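Participant: Got a structure for you, written out below as C-alpha cells; questions coming shortly.
The values are calculated or read from the model by the stated rules, or taken from the named source; none is laboratory data. All values reported here derive from a predicted model rather than from experimental measurement. Note that each Cβ is placed from the backbone with ideal geometry, even for glycine, and that neighbours are counted across all protein chains shown.
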Amino acid sequence: MEKLVPGLEGVPIMESEIGFINGLEGILEYRGISIEELAEKSTYEEVAYLLLFGKLPTRDELKNFDQDLRTHRRVKYRILDMMKCMPENGHPMDMLQAAVAAMGMFYPARDIRDETQRYWSTIRLIAKMPTIVAAFERMRHGDEPVRPRDDLSHAANFLWMLNEEEPDPLDARIMDVCLILHAEHTMNASTFSGLVVGSTEADPYTLVSSAIGALTGPLHGGANEQALKMFQEIETVDNARPFIEARLAARQKIMGMGHRVYKVKDPRANALQGLALKLFEAKGEHPLYKVAQEVEKIISERVGAKGIASNVDFYSGVVYDKLDIPIDQFTPIFAIARVAGWLAHWHEQLKNNRIFRPTQVYTGSHESPYISSEQRS
Ligand code: ACO
C-alpha cells in the first residue's frame, strides 16, 4: 500500500546544489551565499550567472554574460503582433505564458543536449521576458512598446521600457534587489512544474511557460497581488483587527502570510520591508504601509505560534505600488526574476534526468458493470 503524501510535503524529489532554505531559522542561500549578502552587494545579472553556472563570475565572465543579455532584449515583431491580438483586459501572466510558449516556435531549441542551444535559449528567456511584460503594459494602454536599450542594466531597462522615462537610480536599484530576492527558491510549485516538463526532455520555452502557469495561482506567486488588494480593502489601521479576526474565524487565508517551509518570517520579507523603508525615506511613506504593519502584528499575536509569518509576497506589493507598477504586473515581475532559478534547475536536471512518473492511491471501484445509456438514471 503506497503512503499518500498530500502536496508532496517534505518529500525530496531530487538533489540540488542551487538554493538552500532553513525554514526554522529563516535562512535562504543561493549557491551557499546568503540572500542578505547578495541583496546588498550583487546585481540580478550576477545572481543569474551564479545560479546558472554555480559560481560567482569573474569580471570578464560577467561582462560577456551581461552583454549577451543586453543584445537579446528585443522581441520579434511577429510575437509583438501576436500580443496585440490578445484581449487587452487579459491578465499579464496569461500573456507572458502565451508569448513565452510562442518564443519556442521562433527559436526552436529542441536539442536540449546541445550546450550551445541551451545557453542561447537561457539568454533569450532571461533577456526577453522583461520586454514582453513591459510591451504588454504599453499595448493595453494603446501605446507602442518601448524599444529596449542596451546601455542600461537589466532592472533599469525594464523600468525604462515600462515608463519611457530615464529610470531613477534608486528605483532601478530597488527593482534590481527585488529581482535578486525572487530569483530562486528551491523546490516550490513553479520550479517543480518546470522540472516535471523538463523531465520529459521538452524544450526550455515549454518548461518556462508551464512554470509561469504554476506561478499564476494565488497560493503561489499570485499572492503578492492579493496581499496588496487585501491592504486596500482594509484601508485603515483601525479596520485591520476586525478584518483579520473575521477572516480567521471564517478559516480564510491571509495573503502574504504563511509558508510551507518557513516557520518564521521569510528573510525575503525582511529584505523587502527594508527596501520599502528606503523607498519611503526618499519618496514618502506608502499610505498602506501602516496597515500592512498592523496586519503583521495581529497575525503574529493570533497565529504566530503556529509558524505563520509574513512571506515574500507580503511587502513586495507596497514596494511595487510605490514604484507605480500596476497591481497585476506584480506576479509577472516575479516571473522575470524567477526564470533564472527555473533554468538553473533545468540545467542541473539534465545532468542526471529521470522522467517524473509518481503514483497514486487508487480509491475508485473495480470490475464495475458497463451500463448502456438507455438504462442509466
Ligand atoms: N492565514 C491564516 N492561516 C494560515 C495561513 C494564512 N496565510 N497559512 C496557513 N495558515 C494556517 C492554516 O489554516 C492551517 O491551520 P490549522 O492547522 O489550524 O488547520 C495551518 O496554518 C497550516 O496551513 P496549511 O495551509 O496546511 O499550510 P501549507 O504549508 O499547506 O500552506 C501556503 C502554505 C499555501 C503558502 C499557505 O500558508 C497560504 O495559503 N498562504 C497564503 C497565500 C500566500 O501568501 N502564498 C504565497 C506563498 S510564498 C510563494 O509562493 C511565493
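Participant: Could you pull out the residue among GLU9, GLU88 that is in contact (Cβ under 8 Å) with a residue 24 or more places away in the chain and not assigned by TED's automatic domain parsing to the domain that holds ALA135?
Facilitator: Checking each option against the conditions leaves just GLU9.
Participant: Can you go through LEU215, LEU195, LEU170 and tell me which one is in contact (Cβ under 8 Å) with a residue 40 or more places away in the chain and in contact with a His (Cβ under 9 Å, 6 or more places away or on another chain)?
Facilitator: Matching residue, one of LEU215, LEU195, LEU170: LEU195.
Participant: In the range 85-108, what residues are under 16 Å from VAL75 (Cβ atoms) and buried (at least 20 other Cβ atoms within 10 Å of the Cβ)?
Facilitator: PRO92, MET95, LEU96, GLN97, ALA99, VAL100, MET103, GLY104
Participant: Can you pull out the residues in the range 334-357 that are more than 26 Å from ILE126 (Cβ to Cβ) and either free of Cβ contacts under 8 Å to residues at least 40 places away in the same chain or part of a helix (DSSP H, G or I) (or both)?
Facilitator: Once the filter is applied, which keeps residues that are more than 26 Å from ILE126 (Cβ to Cβ) and either free of Cβ contacts under 8 Å to residues at least 40 places away in the same chain or part of a helix (DSSP H, G or I) (or both), the range 334-357 yields only ARG357.
Participant: Output the residues belonging to the range 215-236 that are assigned to a helix (DSSP H, G or I) and exposed (fewer than 15 other Cβ atoms within 10 Å of the Cβ).
Facilitator: Within the range 215-236, LYS229, GLN232, GLU233 qualify.
Participant: Which of the numbered conditions does ILE212 fail, given that it passes all the others? Conditions: (1) more than 8 Å from the ligand (Cβ to nearest atom); (2) modelled with pLDDT of 95 or more; (3) surrounded by fewer than 19 Cβ atoms within 10 Å (Cβ to Cβ); (4) in a helix (DSSP H, G or I).
Facilitator: (3)
Participant: Would you confirm whether or not the range 123-136 contains a residue that is in contact (Cβ under 8 Å) with a residue 12 or more places away in the chain and outside any helix (DSSP H, G or I)?
Facilitator: The answer is no, given that none of the residues of the range 123-136 is in contact (Cβ under 8 Å) with a residue 12 or more places away in the chain and outside any helix (DSSP H, G or I).
Participant: How many of the residues making up the range 146-177 are charged (D, E, K, R), under 17 Å from VAL319 (Cα atoms) and touching a Ser or Thr at 6+ places or on another chain (Cβ under 8 Å)?
Facilitator: The number of residues fulfilling the criteria is 1.
Participant: Quick one: which of MET161, MET139 is in contact with a helix residue (DSSP H, G or I) (Cβ under 7 Å, 6 or more places away or on another chain), over 21 Å from THR71 (Cβ atoms) and in contact (Cβ under 8 Å) with a residue 12 or more places away in the chain?
Facilitator: MET139
Participant: Also, I was wondering about something else. For a quick check of your reading of the model, give me the residue pairs whose first member lies in the range 33-51 and is not assigned by TED's automatic domain parsing to the domain that holds HIS154, whose second is of a type in the set (Ser, Thr, Tyr), with beta-carbon atoms closer than 6 Å and at least 6 apart or on different chains.
Facilitator: Filtered contacts from the range 33-51: no entries.
Participant: Can you find even one residue in the range 52-64 that is surrounded by 15 or more Cβ atoms within 10 Å (Cβ to Cβ) and within 25 Å of THR216 (Cα to Cα)?
Facilitator: Checking the range 52-64: at least one residue is surrounded by 15 or more Cβ atoms within 10 Å (Cβ to Cβ) and within 25 Å of THR216 (Cα to Cα).
Participant: Select from the range 246-283 the residues that are among the aliphatic types (A, V, I, L, M), in contact (Cβ under 8 Å) with a residue 60 or more places away in the chain and either surrounded by 15 or more Cβ atoms within 10 Å (Cβ to Cβ) or in contact with a Gly (Cβ under 9 Å, 6 or more places away or on another chain) (or both) and list them in ascending order.
Facilitator: VAL261, VAL264, ALA271, LEU272, LEU275, LEU279 - these are the residues of the range 246-283 that are among the aliphatic types (A, V, I, L, M), in contact (Cβ under 8 Å) with a residue 60 or more places away in the chain and either surrounded by 15 or more Cβ atoms within 10 Å (Cβ to Cβ) or in contact with a Gly (Cβ under 9 Å, 6 or more places away or on another chain) (or both).
Participant: Taking the condition of being under 30 Å from ALA249 (Cβ atoms) and either in contact (Cβ under 8 Å) with a residue 24 or more places away in the chain or crowded, with 18+ Cβ neighbours inside 10 Å (or both), how many residues in the range 284-333 meet it?
Facilitator: 30
Participant: Do you know which residues across the range 1-39 are away from the ligand (no atom under 14 Å from the Cβ), surrounded by fewer than 17 Cβ atoms within 10 Å (Cβ to Cβ) and of a type in the set (Val, Ile, Thr)?
Facilitator: Listed by number, the residues that qualify are ILE13, ILE27, ILE33.
Participant: Sticking with this structure for a sec: Which of the residues that make up the range 234-262 are farther than 15 Å from GLN293 by Cβ and more than 15 Å from the ligand (Cβ to nearest atom)?
Facilitator: Residue satisfying the conditions is PRO242 alone.
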